[in-house]
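Novice: Input: one structure, supplied below.
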Amino acid sequence: MRRRWTGVALVGAGALVFGYVVSREDWWSLVLRSLFPDLPVVVFPSATLGQLVVQHLGLVLVSSAVTIAIGIPVGVWVTRPSGRDFRELVSATVDLGQTFPPIAVLALMMPLFGIGTPLPAIVALALYGMFPVVSGTVAGLDSVPPAVLDAARGMGMGRWQVLFRVELPLAARVIMAGVRTSVIINIGTATVAAATGAGGLGSPIFSGINTQNGALVLEGAAAAAMLAVLADSMLARVEDLVTPAG
């Protein structure tokens with residue numbers, strides 16, 4: 001337990017350091033100017049990096065929350081007798097969503113929800129990150145030993161007690177692995193959302209591509225990479241906390 005909370009403290013310190021680093025526009029300007037001395041502009045002029053990170057986090061948090069709120073219950077349902085017949089259909093559906101390129105999913109969402117708002121990006125990201133969550137939930141519940149379930153039922157537990165007190169705790173590590181994968185996918189994919197006017201760290205990347213400005217591309221890509229590493233570390237600590245000891 002001490003090791004777990006030490007890890008949480010380290011991740012918290014890392015989050016503070018990350019927040020401080022992205023807020024220092026002068027540092028980014030100095031570093032990028034040294035790497036790209038011939039470019040007239042080396043930092044994104046329309047918004048600060050801190051503002052872009054906040055926009056990016058908003059897209060990822062909302063879309064991931066939608067994915068988790070739908071994906072885990074669906075994964076649980078297809079492992080129950082009432083949903084077992086739909087397991088292959090659900091698996092094929094979430095697989096299909098993952099095979100579409102992110103830009104194609106965004107393009108399909110724009111006519112439905114419009115351009116210049118984050119809604120198309122949120123819907124597209126939620127759909128795109130569904131596969132790891134659903135598959136992780138199914139795999140985690142399938143990994144629970146049948147003997148443990150028989151013992152729980154023999155103790156007089158009902159089906160909901162078995163699910164919440166036995167199956168989900170034992171499957172928590174595998175489920176969280178799927179959630180971690182989904183969130184990291186969303187952090188990277190959310191950079192594409194700038195094409196719809198949703199903002200985020202994709203804005204300097206697209207601006208840099210359009211103007212052949214490598215400094216802007218590096219600014220957005222480096223911040224997105226640091227955010228992905230930090231998010232993965234945070235979710236790893238959450239995984240440790242929700243996994244029963246032993």
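The values are calculated or read from the model by the stated rules, or taken from the named source; none is laboratory data. What you see is a predicted model, and the numbers here were worked out from it, not measured in a lab. We place every Cβ from the backbone using ideal geometry, glycine too, and count neighbours over all the protein chains shown.
Novice: Could you pull out the residue among THR79, THR67 that is hydroxyl-bearing (Ser, Thr, Tyr), farther than 27 Å from PRO204 by Cα and either surrounded by 13 or more Cβ atoms within 10 Å (Cβ to Cβ) or in contact (Cβ under 8 Å) with a residue 60 or more places away in the chain (or both)?
Specialist: Step by step, each of THR79, THR67 is checked, and only THR79 is hydroxyl-bearing (Ser, Thr, Tyr), farther than 27 Å from PRO204 by Cα and either surrounded by 13 or more Cβ atoms within 10 Å (Cβ to Cβ) or in contact (Cβ under 8 Å) with a residue 60 or more places away in the chain (or both).
Novice: Here is a further query. Does region 133-172 hold any residues that are among the charged types (D, E, K, R), touching a helix residue (DSSP H, G or I) at 6+ places or on another chain (Cβ under 7 Å) and more than 19 Å from VAL78 (Cα to Cα), and which are they?
Specialist: ARG153 - this is the single residue of region 133-172 that is among the charged types (D, E, K, R), touching a helix residue (DSSP H, G or I) at 6+ places or on another chain (Cβ under 7 Å) and more than 19 Å from VAL78 (Cα to Cα).
Novice: Please verify whether ALA231 is under 22 Å from LEU52 (Cα atoms) and either assigned to a loop (DSSP other than H, G, I, E, B) or at pLDDT below 90 (or both), treating the condition exactly as stated.
Specialist: No; evaluated as a whole, the condition is false for this residue.
Novice: Tell me which residues, restricted to region 204-220, are part of a helix (DSSP H, G or I) and either out of contact with any helix residue (DSSP H, G or I) (no Cβ under 6 Å at 6 or more places or on another chain) or of a type in the set (S, T, N, Q) (or both).
Specialist: Selection gives SER207, ILE209, ASN210, THR211, GLY214, LEU218.
Novice: Which helices (runs of 4 or more DSSP H) does region 117-199 wholly contain that include 1 or more residues that are more than 21 Å from the chain's Cα centre (by Cα)?
Specialist: 130-142, 146-154, 159-162, 168-189
Novice: So, one more: Based on what the data block shows, is VAL148 over 24 Å from VAL66 (Cβ atoms), in contact with a Leu (Cβ under 8 Å, 6 or more places away or on another chain) and surrounded by 16 or more Cβ atoms within 10 Å (Cβ to Cβ)?
Specialist: No.
Novice: Hey, does region 73-96 have a residue that's hydroxyl-bearing (Ser, Thr, Tyr) and assigned to a helix (DSSP H, G or I)?
Specialist: Yes, because at least one residue in region 73-96 is hydroxyl-bearing (Ser, Thr, Tyr) and assigned to a helix (DSSP H, G or I).
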